[in-house]
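Novice: Quick one: structure below, then a few questions.
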Amino acid sequence: MENFPVINMKNLNGNKRASTMEHIKDACENWGFFELVNHGIPHEMMDTVERLTKGHYKKCMEQRFKELVASKALEGVQAEVTDMDWESTFFLRHLPVSNISQVPDLDDEYRTLMTEFAVRLEKLAEELLDLLCENLGLGKGYLKKAFYGSKGPNFGTKVSNYPPCPKPELIKGLRPHTDAGGIILLFQDDKVSGLQLLKGDQWIDVPPMKHSIVANLGDQLEVITNGKYKSVLHRVIAQTDGNRMSLASFYNPGNDAVIYPAPALLEKEAEERKEVYPKFVFDDYMKLYAGLKFQAKEPRFELMKNVEANVTMGPIATA
């Protein structure tokens with residue numbers, strides 16, 4: 001299998017820009033995932049985020065996980081568990097309104113740090129969206145506007161720990177799924193692996209790499225690009241050793257944003273008569289996704305076509 005795509009963002013400033021943009025384009029079209037290095041987030045900040053995240057799990061969540069999941073999930077089980085994940089999580093919302101001050105058990109240092117980390121990730125997500133616009137031939141800012149809605153994008157971080165599992169053959173850390181939203185930035189453990197994506201018919205490891213940020217594309221970018229870029233099935237394999245840390249930050253459309261294929265891309269494809277993806281309000285898609293997350297995405301898109309007639313075009317229809 002060819003090498004997992006690693007993008008050195010430093011090369012965007014200089015004579016390697018064209019080849020780096022081509023590398024990003026190939027990753028978006030053929031992988032749905034890529035790993036970023038030299039992305040501008042200070043390594044010291046990332047090290048502190050990792051230390052405090054792992055400390056918070058140990059202090060506040062490990063015992064709860066043992067009581068709620070570990071003691072029940074595999075009790076007397078012989079066949080694979082298909083309705084549960086071997087993970088311990090909590091969610092931080094950053095935009096449009098932060099909930100960090102209300103999340104219980106976080107100490108002040110961790111709250112402040114995660115607020116600052118989110119600002120850096122938001123900037124990186126918007127920078128990536130503009131790089132995607134450039135490769136797609138869309139105007140700068142098109143994707144950010146498409147996500148904006150009336151109150152700006154939704155942006156939040158799922159903080160996960162995947163503890164050691166005694167029977168990893170019977171339960172996934174996280175079952176296979178595509179992400180519903182826009183662009184996802186993942187800061188993952190650089191020592192304990194587990195994240196895999198489906199490429200063709202093979203599960204490929206997303207390699208742990210110190211101080212990297214993994215980016216992947218969600219269902220909304222598949223719709224806006226009319227399938228040129230695709231969201232990709234991925235999963236987390238439970239491990240017998242080590243506790244894997246994962247911070248996945250989701251830069252998603254606002255609840256009332258109207259999502260549909262970019263008209264400029266449809267014009268380019270007109271002669272190919274490609275199937276056109278549906279038009280829908282993002283919140284309607286999320287309500288559907290909530291019950292169908294671990295099923296194939298194609299039926300979700302088909303179901304959204306049924307409500308398409310009631311959706312009015314968003315403010316960027318001609319952008």
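The values are calculated or read from the model by the stated rules, or taken from the named source; none is laboratory data. Note that the coordinates shown come from a computational prediction; the quantities given were computed from them, not determined experimentally. With ideal geometry, Cβ positions are generated from the backbone for all residues, glycine too; neighbour counts draw on all protein chains shown. The accessibility values were calculated without ligands, DNA or RNA, using every heavy atom of the protein model including side chains. Shrake-Rupley method; radii C 1.70, N 1.55, O 1.52, S 1.80 Å.
Novice: Just need the relative contact order of the chain here, percent rounded to a whole number, with Cα pairs under 8 Å and 6+ apart.
Specialist: Worked out over the chain, it gives 20 percent.
Novice: Next question. With θ set to phi - 60°, apply the Karplus curve 6.51 cos²θ - 1.76 cosθ + 1.60 along the stretch 162-175 and write out the HN-Hα couplings as whole Hz, x wherever there is a Gly or Pro.
Specialist: 10, x, x, 10, x, 9, x, 6, 9, 8, 8, x, 8, 5
Novice: Can you order the peptides 119-125, 255-261 by their average number of other Cβ atoms within 10 Å per residue, highest first?
Specialist: My ranking of the peptides, most packed first, is 255-261, 119-125.
Novice: Accessible area per residue of the chain at 1.4 Å probe, in Å²?
Specialist: Dividing the accessible area of the chain by its residue count gives 46 Å².
Novice: List the pairs from Lys167/Lys297; Lys25/Lys191; Lys144/Lys274; Lys172/Lys210; Lys199/Lys230 whose alpha-carbon separation is above 22 Å, in the order I gave them.
Specialist: In this structure, Lys167/Lys297; Lys25/Lys191; Lys144/Lys274; Lys172/Lys210 lie more than 22 Å apart at Cα.
Novice: Classify the stretch 169-289 as rounded, prolate or oblate, taking a ≥ b ≥ c as the square roots of the eigenvalues of its Cα gyration tensor: rounded when a/c is under 1.5, otherwise prolate if a/b is larger than b/c and oblate if not.
Specialist: Prolate is the answer for the stretch 169-289, as a/c is 1.5 or above and a/b outweighs b/c.
Novice: Tell me which GluC sites (Glu not before Pro) from the stretch 36-97 have a DSSP coil assignment and no more than 10 other beta carbons within 10 Å of their own.
Specialist: Sparse-neighbourhood loop GluC sites (Glu not before Pro): Glu75, Glu80.
Novice: What does the charge dipole of the chain about its Cα centre add up to, to the nearest 20 debye, if the Cβ of each Lys and Arg holds +1 and the Cβ of each Asp and Glu holds -1?
Specialist: That gives a dipole near 280 debye.
Novice: Separate question: So for the stretch 134-273, averaging the separation of alpha carbon pairs under 8 Å that are six or more residues apart and normalising by length, what relative contact order in percent results?
Specialist: 40
Novice: For the chain, with all protein chains present and a 1.4 Å probe, just round the carbon and sulfur fraction of the accessible area to a whole percent.
Specialist: Here carbon and sulfur together make up 51 percent of the probe-accessible area.
Novice: Between helix 17-30 and the chain, what is the angle of the helix's C-alpha long axis to the longest principal axis, kept within 0 to 90° and rounded to the nearest 10?
Specialist: Long axis of 17-30 versus the principal axis of the chain: about 80 degrees.
Novice: Under a point-charge model restricted to the Cβ atoms of Lys and Arg (+1) and Asp and Glu (-1), what is the dipole moment magnitude of the stretch 1-46 relative to its Cα centre, in debye to the nearest 20?
Specialist: The dipole magnitude comes to about 220 debye.
Novice: I'd like to know which of Gln295, Ile259, Val281 lies farthest towards the positive end of the charge dipole of the stretch 244-295, counting +1 on Cβ of Lys and Arg and -1 on Cβ of Asp and Glu.
Specialist: Sorting the options by dipole projection puts first Gln295.
Novice: Can you pull out the GluC sites (Glu not before Pro) in the stretch 123-154 that DSSP calls coil and that have at most 11 other Cβ atoms within 10 Å?
Specialist: Those that pass, being in a loop and sparsely packed, number zero.
Novice: When a/c reaches 1.5 or more, the comparison of a/b and b/c decides; with that in mind, is the stretch 1-77 rounded, prolate or oblate per its Cα gyration tensor?
Specialist: Cα axes put the stretch 1-77 in the oblate bin.
Novice: Of Thr115, Thr53, which has the most accessible area with a 1.4 Å probe, and how do the rest follow in descending order?
Specialist: Output order, biggest surface exposure first: Thr115, Thr53.
Novice: Follow-up. Can you tell me the orientation of helix 43-56 relative to the chain, as the angle in degrees between its alpha-carbon axis and the longest Cα principal axis, to the nearest 10?
Specialist: Value to nearest ten degrees: 50.
Novice: Another question, then. To the nearest 20 debye, what is the magnitude of the charge dipole of the stretch 72-138 about its Cα centre, counting +1 on the Cβ of each Lys and Arg and -1 on the Cβ of each Asp and Glu?
Specialist: 160
Novice: Would you compute, from DSSP H runs of 4+ residues alone, the mean residue ellipticity of the chain at 222 nm, taking -39500 (n - 2.57) per run and dividing by the full residue count, rounded to the nearest 500?
Specialist: About -9500 deg cm²/dmol.
Novice: Hey, what D do you get for the stretch 12-151 in µm²/s if you plug the Kirkwood alpha-carbon radius into Stokes-Einstein at 25 °C and 0.890 mPa s?
Specialist: Estimated diffusion coefficient is 131 µm²/s.
Novice: Once Lys and Arg get +1 and Asp and Glu get -1 on their Cβ, which of Gly137, Phe33, Val97 lies farthest toward the positive end of the dipole of the chain?
Specialist: Val97
Novice: Output the Cα-based Rg and Dmax of the stretch 114-168 in Å, rounding Rg to one decimal and Dmax to a whole number.
Specialist: Cα radius of gyration and Dmax of the stretch 114-168 are 16.2, 51 Å respectively.
Novice: Now for a different question. Can you give me the Cα centroid spacing of the stretch 235-260 and the stretch 72-120 in angstrom?
Specialist: Using only Cα atoms, the two centres lie 11 Å from each other.
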